[in-house]
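Structure first, commentary second.
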Amino acid sequence: MHWITVGRSSMAFTWVDTQYFDGLSAQRRQAFVSLDVQNRHLIIHNHSGAELDIWPLETLRRFHDDAGLGLVLCSGAVDPGEARIVLSNSRAIAAIKAACLNLNKTTVSGRT
């Protein structure tokens, strides 16, 4: 994990260990995330460094975590079928909370 000061760089942190659930399978994958505050993205990488996904910070939402494993995030609607990550690093959690003011906002999707 590398911490970078935001004032001189676009990254707040890089290579923070996380658990990634892709929303397509029940498989949990070890991954890494980077917080790019200048471009307003959370970037999810696999173990070899390849990008798995890029989530805009304004779409990040906190997902209720019954197990208390850390901060569970999804991008967009809070839905059990959505891709999500679980962060346990307290410094990374604090940085995400500071950068993402809408984490607890309820996202309402259209109904049919």
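The values are calculated or read from the model by the stated rules, or taken from the named source; none is laboratory data. Keep in mind that what you see is a predicted model, and the values were worked out from it rather than measured. Note: ideal-geometry Cβ built from the backbone for every residue, glycine included; neighbour counts use all protein chains shown.
Computed values, structure above
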| quantity | calculated |
| --- | --- |
| Meets criteria (in contact with a Cys (Cβ under 8 Å, 6 or more places away or on another chain) and within 16 Å of Ala94 (Cα to Cα)) for Leu73 | no |
| Where Ala26 falls short, out of the listed (1) without any contact (Cβ under 8 Å) to a residue 60 or more places away in the chain; (2) in contact with a strand residue (DSSP E or B) (Cβ under 9 Å, 6 or more places away or on another chain) | (2) |
| Any pair with Cβ under 6 angstrom, 6 or more apart, that starts in region 88-99 at a residue that is closer than 17 Å to Thr59 by Cβ and ends at one that is in a helix (DSSP H, G or I) | Ala99/Leu57 |
| Some residue of region 37-44 being assigned to a strand (DSSP E or B), modelled with pLDDT of 90 or more and in contact with a Cys (Cβ under 7 Å, 6 or more places away or on another chain) | no |
| Residue that is modelled with the lowest pLDDT, among those in region 65-106 that are in a loop (DSSP other than H, G, I, E, B), loosely packed, with under 13 Cβ neighbours inside 10 Å and of a type in the set (S, T, N, Q) | Thr106 |
| Leading residue by the ranking (farthest from the chain's Cα centre (by Cα)) among those in region 16-31 that are surrounded by 15 or more Cβ atoms within 10 Å (Cβ to Cβ) and outside any loop (DSSP other than H, G, I, E, B) | Arg29 |
